[in-house]
Amino acid sequence: MNTIYILWLRQLKRYFRSKSRIFASLAQPLLFLFAFGYGFSSIFARAGGGNYINFLAPGIISMSVMFTAVFSGIEIIWDKQFGFLKETLVAPVSRFNIMLGRTIGGSTVAFIQGLIVLLITLLVGFRPSLSLLFFALVFMFLLALFFTALGTAIASKLDDMQGFPLIMNFLVMPLFFLSGALFPVAGLPKIFSYIVKLNPLTYAVDGIRGTMNGMHAFSLTLDFFVVVIVAVVCIWIGSLLFRSIEA
Amino acid sequence: MKIIDVKGVSKKFGNFEAVKNISFAVEQGTIFAFLGPNGAGKTTTIKMLTTLLHPTDGSISLNGFDPVHHPEQARHSFGIVFQDPSLDTELTAYENMEFHAVLYGVKSDVYKPRIQELMELVDLWDRKDSLVKDFSGGMKRRLEIARGLLHHPKVLFLDEPTLGLDPQTRNHIWGYIQNLNKKEGLTVFFTTHYMDEADRVANTVSIIDHGKIISSGSPEELKQKTNTKSLEEAFLALTGNEVRHEEASSKDSMRQARRMWQGGNRR
């Protein structure tokens with residue numbers, strides 16, 4: 001328990017000490033929010049979709065949680081290169097606890113980042129319903145767990161940051177664009193809609209959006225179970241891969 | 001009692017055999033120096049003893065545990081100061097120490113006075129709240145040594161611990177370690193390129209070259225065997241004068257560059 005706590009604390013300290021990183025990782029979601037939000041809102045309204053900012057904001061919050069989470073997981077590569085990982089790997093604690101402490105710490109960081117973006121969306125006119133806000137936060141944290149664990153799993157197999165663009169362009173970006181974060185899932189061409197439905201991120205975004213403003217395509221129970229299951233599977237795979245690291 | 005017992009251990013990386021069928025033992029409560037030129041297989045051996053690498057062949061016993069099959073019990077038995085930096089530079093010196101104490105299950109009423117004692121020993125107590133990234137190379141090294149001693153392990157591995165430290169600090173640190181060795185029966189396993197250091201503190205020396213152990217014994221025995229006056233001469237007589245080339249991965253060369261840069265950036 002102490003192990004998990006101290007690893008969690010370390011992630012938070014690192015996060016709050018790098019102010020530049022906090023600001024830098026806000027830039028991308030904000031760009032998407034303004035460019036898409038203002039760019040498409042009139043078309044979206046004319047097509048009968050309603051207020052686009054209301055639709056888009058949960059998607060942008062999901063995006064910032066997801067990106068920060070993947071990055072927190074990938075950070076293990078830095079620890080490998082700067083040698084700190086060895087210090088944790090030779091400690092007399094189970095690798096599963098190390099992996100869990102890191103993952104929960106990284107998820108907390110991603111969750112906080114999501115909260116900051118949520119506050120910003122309020123400034124540009126997003127008005128979420130408050131009745132299910134607690135469940136929206138639960139969805140955000142599960143999403144964070146899912147992608148931090150995924151990042152950890154991938155990073156366990158990589159030795160340097162050279163694989164990072166590959167992960168961004170072939171995994172993170174496609175998952176994001178094919179998730180319904182930016183557009184409604186209903187009424188997509190058939191093949192495209194299958195792909196979107198196979199993407200676990202779709203359900204996380206749907207759950208966050210559904211609990212924030214009632215615009216959901218699937219039942220919230222389905223969203224919840226899909227996200228819990230993929231989070232658990234990613235933590236499990238991540239811990240197996242993390243255990244096999246040789247330094 | 002043999003606290004470290006290595007039997008017929010080999011390690012291959014692809015086609016390259018870094019360690020070739022080595023066997024040796026370290027008695028409990030002794031100070032053991034593991035010497036060899038660059039690239040001889042010292043660090044690989046330490047990594048195998050400390051559960052970070054799995055041997056390709058052979059068996060290891062550390063405090064009675066096999067590092068491959070019972071890594072957690074083995075990890076309880078030792079502390080290690082690595083050859084390359086292993087601090088979290090975004091944390092303060094004190095936070096690095098505290099992190100280690102919690103990870104090794106040391107209780108806070110034990111670790112609080114001990115952290116102060118150790119940080120005073122390495123002359124860093126007045127800098128305890130500075131971020132490690134602001135430290136010079138030598139200061140980082142001292143902090144790592146203090147950290148390795150924090151949980152009073154049964155076996156302490158030191159991989160070139162005093163590289164880049166001034167003689168005052170080296171004497172200081174060795175004095176403390178020898179004291180722990182006498183008082184608490186701490187077994188010390190260390191590598192170094194300073195032969196005078198090994199001559200002075202080690203009870204037993206093993207020399208490894210090209211992945212094979214070529215000679216073992218007390219410093220006196222090695223000097224007699226080679227008919228030389230100092231351990232350095234004995235070492236050169238046994239391993240030859242040729243300069244070694246070490247194959248380094250990108251990771252290693254990056255660390256090396258980082259270390260050199262820090263070394264030249266002393267405050």
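Numbers for the structure displayed
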quantity: Residue within segment B:22-42 that is in a helix (DSSP H, G or I) and either within 15 Å of B:F157 (Cα to Cα) or of a type in the set (K, R) (or both) present; calculated: yes
quantity: Yes/no for B:K229 being at pLDDT 75 or above, surrounded by fewer than 11 Cβ atoms within 10 Å (Cβ to Cβ) and of a type outside the set (V, I, T); calculated: yes
quantity: Selected residue (criterion: farthest from the other protein chains (Cβ to nearest Cβ)) from residues of segment B:85-103 that are under 18 Å from the mean Cα position of the chain (by Cα) and outside any helix (DSSP H, G or I); calculated: B:L87
quantity: Residue in segment A:108-122 that is closer than 19 Å to A:A24 by Cβ, of a type outside the set (G, A, S) and out of contact with any helix residue (DSSP H, G or I) (no Cβ under 9 Å at 6 or more places or on another chain) present; calculated: yes
quantity: Segment A:158-178, residues that are touching a residue at least 60 places away in the same chain (Cβ under 8 Å), within 14 Å of chain B (Cβ to nearest Cβ) and surrounded by 15 or more Cβ atoms within 10 Å (Cβ to Cβ); calculated: A:L158
quantity: Top-ranked residue in segment A:45-74 [being β-branched (V, I, T) and touching a Leu at 6+ places or on another chain (Cβ under 9 Å); ranked as nearest to A:G125 (Cα to Cα)]; calculated: A:I53
quantity: Those helices (runs of 4 or more DSSP H) lying entirely in segment A:33-91 with at least 1 residues more than 30 Å from B:F157 (Cα to Cα); calculated: A:52-74
quantity: Odd one out for B:G39 among (1) touching a Leu at 6+ places or on another chain (Cβ under 6 Å); (2) modelled with pLDDT under 90; (3) of a type outside the set (K, R); calculated: (1)
quantity: Cβ pairs under 6 Å, 6+ apart, first in segment B:227-238 and under 12 Å from B:S215 (Cβ atoms), second of a type in the set (K, R); calculated: B:A234/B:K223
quantity: In segment B:110-129, the residues that are out of contact with any strand residue (DSSP E or B) (no Cβ under 6 Å at 6 or more places or on another chain) and part of a loop (DSSP other than H, G, I, E, B); calculated: B:V122, B:D123, B:L124, B:K128
quantity: Single match in B:K47, B:K11 (criterion: closer than 30 Å to B:E232 by Cβ and in a strand (DSSP E or B)); calculated: B:K11
quantity: Residues within segment A:15-41 that are among the small types (G, A, S) and within 17 Å of A:F183 (Cβ to Cβ), tallied; calculated: 4
quantity: Test result for A:V109, within 14 Å of chain B (Cβ to nearest Cβ), under 28 Å from A:M215 (Cα atoms) and among the aliphatic types (A, V, I, L, M); calculated: yes
quantity: Complete set of residues in segment B:130-148 that are within 14 Å of another protein chain (Cβ to nearest Cβ) and either assigned to a loop (DSSP other than H, G, I, E, B) or within 25 Å of B:T187 (Cα to Cα) (or both); calculated: B:S130, B:F135, B:K140, B:R141, B:L143, B:E144, B:I145, B:A146, B:R147, B:G148
quantity: Long-range neighbours under 8 Å by Cβ, at least six apart or interchain, first residue assigned to a strand (DSSP E or B) within segment B:73-84, second of a type in the set (S, T, N, Q) and surrounded by fewer than 24 Cβ atoms within 10 Å (Cβ to Cβ); calculated: B:F78/B:N63
quantity: Among residues of segment A:88-103, those that are surrounded by 22 or more Cβ atoms within 10 Å (Cβ to Cβ) and either among the charged types (D, E, K, R) or more than 23 Å from the chain's Cα centre (by Cα) (or both), counted; calculated: 6
quantity: Single condition B:A101 does not satisfy, out of (1) surrounded by fewer than 16 Cβ atoms within 10 Å (Cβ to Cβ); (2) free of Cβ contacts under 8 Å to residues at least 60 places away in the same chain; (3) among the small types (G, A, S); calculated: (1)
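The values are calculated or read from the model by the stated rules, or taken from the named source; none is laboratory data. Here the structure is a predicted model, which means the values were calculated and not measured. FYI the Cβ positions are ideal-geometry reconstructions off the backbone, even for glycines, and counts take in every protein chain you see.
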